[in-house]
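K.L.:
Once you've had a glance at the structure underneath, I'll fire off some questions.
The values are calculated or read from the model by the stated rules, or taken from the named source; none is laboratory data. Given the structure is predicted, the values throughout are model-derived calculations rather than measurements. Here the Cβ is made from the backbone with ideal geometry for all residues, glycine too, and neighbour counts use every protein chain on show. Accessible surface areas use protein heavy atoms only, side chains included; no ligands, DNA or RNA. Shrake-Rupley method; radii C 1.70, N 1.55, O 1.52, S 1.80 Å.
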Amino acid sequence: MDKTEGWVRIRIRLVGVLFVVAFLLVATRAYYIQVHCRDDWQKKAERQHQKVIPLTPQRGTIFDRNSEVMALSVEADSIYLEPSKARAGKVKARDLAAALSLPHKAVAAKLKSEKRFLWLKRQVPPRVSEKVRALKLPGVNFIKEHKRYYPNSKIGAQVVGFTGIDPEGLEGVELKYDSVILGQGGYLVTERDALGRGIGSGEPEIKGGSRGDDLYLTLDKNLQYIAEKELAAGVRKANAKAGTVVVLEPRTGKVLAMASQPDFNPNAFNKYRPRQWRNRALIDTFEPGSTMKIFLLAAALNEGAVRPEELIDCEKGEFRVGGKVIHDHHPYEQLSVADILKVSSNIGSAKIGKILERDRLYSYLTGFGFGAPSGVDLPGETSGLLRKPSRWFEVDLAAISFGQAITVTPLQLALATAAIANGGTLMEPYVVERVVDSYGEVVDRRKPRAVRRVVNEKVARIVREMMVRVTEEGGTGTRGAVTGYRVAGKTGTAQKVDPVTRGYSVDKRVSSFVGMVPAEDPELVVLVVIDEPEGQTYGGVVAAPVFSRIAEQALRHLKVAPNQPGQEDFLPPLPPVTLASRETPPVRIEGQGGEIEGEGTLNMPDCIGMSYRQVLQAMERTGLNIRLNGSGRVVEQLPAPGGQIRYGKEVWVRLQPPA
């Protein structure tokens, strides 16, 4: 074998080795791609021949404390367009635009598009869906999505909040617990070839998706309605700018109701101004005025600085402090500490504040929760303004003692009062009691949490008794009294700061009343704030009557028995039915179809088909105490329409959402 033939063989072997190495490299790469990276490449392939459109996830349901629905997700049609099919079917833009109430030009542009998929309108009402379906247009298709629905309309709107179309929470509980309520969204999948044309059946397929967790609130829907109704009436009567009500369970810190005026309907939130969305109980701050005297006296009594019967000279209505003159609305002389609260003396309060001095008063005010967020599980809470005592001048100490030079939120003021009601302990407020998953399992439960003890039980009891005198004859809050119960309360009237002059306004006031009932063992703390009432501006005249009406109805709803003589029962026994009473012409419940017959007996109105609000309005007109179960429209009732309502027997209606 010559040298040339040897080199040829070597080259052949080298080429062979190169081919083997190349083959091994290709095989290794193929194995890596097809086995190790299989999932990644499969997803890329799917993206090339599938069109994936994300759908709105189904949010969990929000219930009140009695398992009544406050917010839920319902199915609604979303309408989408396949332009090529629509053009082939000669769909007219004018017909489609008219059915959907969309601009003609916008629909025409979508029909001309080369895209495979375009949304026309999402989450449309049933009437719109039916109108489009009736046209039977090719290339115009429907898919079910979940739309947020609030069956009680405005009731609890600022607390519950609302969502966008995504649907992500935008306000209230919906925002705060968005990650908990929001489920996993599904996908609308359509098959297509390399040119984007439909392949296979062309029918879309929905994949994935899971429902979010449910929330159970501390709110009571009936109490919320009562608070909103009476607040709206009070704001309207006073021709006021706005108003707020907070109802708390003092032993636990649970928020039973939280109302704001003006209000809004979360089902159509975009038709209202943003200022109507906000929860004023958390966001608005104001100078509390004389309601601050509750906490001043609690601090002084707890420190042993004064005694309830101790007399203080109120200087005949004028007292100079730090170059300023403090006035009382009446020229008082000697007043006991208890009477200072009863008649709301500013001079007496300023003198008690001076006895405490800056640091001790500041310590108690912060102890009661002023100057810091309460920690409630709702978004947007503000802290109010309480400056450090090192920045107080002599006149500031006096002013803070009777509720000026300090700002608070309505929730802070209600919580501080609840600390007096429950024996001296500040509680952390909350609105979500438990979280339940889609299998019905409780995944989180909130329990009452004591923040700190502020005053001892004896002092809290003494202050409550002093507050009772405020609502009795000679006090400033007599209009806050509730028949059958002893009420411990306090009025407040504070000037507002004028943003132009930066001084106190001549005519703008904030009127308030905060109280607890029954005074011996309070079940409720109720705060009423009326912003800029016209005419009479005193808290005892403007806010106290609203408190009285809310407290009376709330106690009846909660079945808290009266403890004063002659008030053993909410409703007196019905007199026996007589022929005369049966022959008395019935009085029609306006617009509702129910009736009250005669003077001696009550007949059940016809509630079938009524909404929750309409039943409550009928209850208000007739004085009936009807138990409401469910939400939506009335489908069943007891007694039957026209049936006699007998004392001690069940009276209820059952509601369910429309199909």
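K.L.:
I'd like to check something: does segment 151-166 contain any residue that is over 27 Å from Gln224 (Cα atoms) and touching a residue at least 12 places away in the same chain (Cβ under 8 Å)?
P.N.:
Yes, segment 151-166 has at least one match.
K.L.:
State which residue is farthest from Leu341 (Cα to Cα) when the search covers only segment 496-526 and only residues that are assigned to a loop (DSSP other than H, G, I, E, B) and open to solvent by less than 30 Å² (accessible area, probe 1.4 Å).
P.N.:
Only one residue tops the list, namely Gly503.
K.L.:
Take Leu341 and decide whether it is aliphatic (A, V, I, L, M), closer than 15 Å to Ala398 by Cβ and open to solvent by less than 50 Å² (accessible area, probe 1.4 Å).
P.N.:
Taking the combined requirement at face value, the residue does not satisfy it.
K.L.:
Please name all residue pairs, on different chains or six or more residues apart, with Cβ atoms under 9 Å, provided the first residue is in segment 249-277 and is over 20 Å from Val124 (Cα atoms) and in a helix (DSSP H, G or I) and the second residue is of a type in the set (A, V, I, L, M) and open to solvent by 50 Å² or more (accessible area, probe 1.4 Å).
P.N.:
Matching pairs, first to second residue: Trp277/Leu170.
K.L.:
With segment 103-203 as the region, which strands (runs of 3 or more DSSP E) entirely inside it contain at least 2 residues that are at positive phi, out of contact with any His (no Cβ under 7 Å at 6 or more places or on another chain) and modelled with pLDDT under 90?
P.N.:
none
K.L.:
Right, here's the next one. Kindly provide the set of residues from segment 206-219 that are at pLDDT 60 or above, farther than 21 Å from Val432 by Cα and either open to solvent by 80 Å² or more (accessible area, probe 1.4 Å) or not in a loop (DSSP other than H, G, I, E, B) (or both), ordered by number.
P.N.:
Across segment 206-219, the qualifying residue is only Ser210.
K.L.:
Just need a number here: residues in segment 615-655 that are under 20 Å from Ser67 (Cβ atoms), modelled with pLDDT under 80 and buried (at least 18 other Cβ atoms within 10 Å of the Cβ).
P.N.:
Selection size over segment 615-655: 3.
K.L.:
Which residue pairs have Cβ atoms under 7 Å apart, sit 6 or more places apart or on different chains, and have a first residue in segment 110-123 that is farther than 12 Å from Leu100 by Cα and a second that is in a loop (DSSP other than H, G, I, E, B) and open to solvent by less than 70 Å² (accessible area, probe 1.4 Å)?
P.N.:
Close Cβ pairs (under 7 Å, with a partner that is in a loop (DSSP other than H, G, I, E, B) and open to solvent by less than 70 Å² (accessible area, probe 1.4 Å)) amount to Leu111/Val91; Arg116/Glu82; Arg116/Gly196; Phe117/Glu82.
K.L.:
Here's a follow-up. Can you tell me which residues in segment 250-282 are at pLDDT 95 or above and open to solvent by 50 Å² or more (accessible area, probe 1.4 Å)?
P.N.:
Listed by number, the list holds a single entry, Arg251.
K.L.:
Looking at Arg133 and the list (1) touching a residue at least 12 places away in the same chain (Cβ under 8 Å); (2) open to solvent by 30 Å² or more (accessible area, probe 1.4 Å), which single condition is not satisfied?
P.N.:
Failed condition: (1).
K.L.:
When you scan segment 415-485 for strands (runs of 3 or more DSSP E) that lie fully inside it, which ones turn up with 2 or more residues that are crowded, with 18+ Cβ neighbours inside 10 Å?
P.N.:
Fully inside segment 415-485 and qualifying: 425-427, 432-436.
K.L.:
Ok, one more. Any idea which of (1) at pLDDT 85 or above; (2) over 30 Å from Asn629 (Cβ atoms) is the one Asp64 doesn't satisfy?
P.N.:
(2)
K.L.:
Oh, and also: What single numbered condition from (1) small (Gly, Ala, Ser); (2) in contact with a Pro (Cβ under 9 Å, 6 or more places away or on another chain); (3) more than 26 Å from Asn456 (Cβ to Cβ); (4) open to solvent by 20 Å² or more (accessible area, probe 1.4 Å) fails to hold for Gly375?
P.N.:
Gly375 satisfies all of (1) small (Gly, Ala, Ser); (2) in contact with a Pro (Cβ under 9 Å, 6 or more places away or on another chain); (3) more than 26 Å from Asn456 (Cβ to Cβ); (4) open to solvent by 20 Å² or more (accessible area, probe 1.4 Å) except (3).
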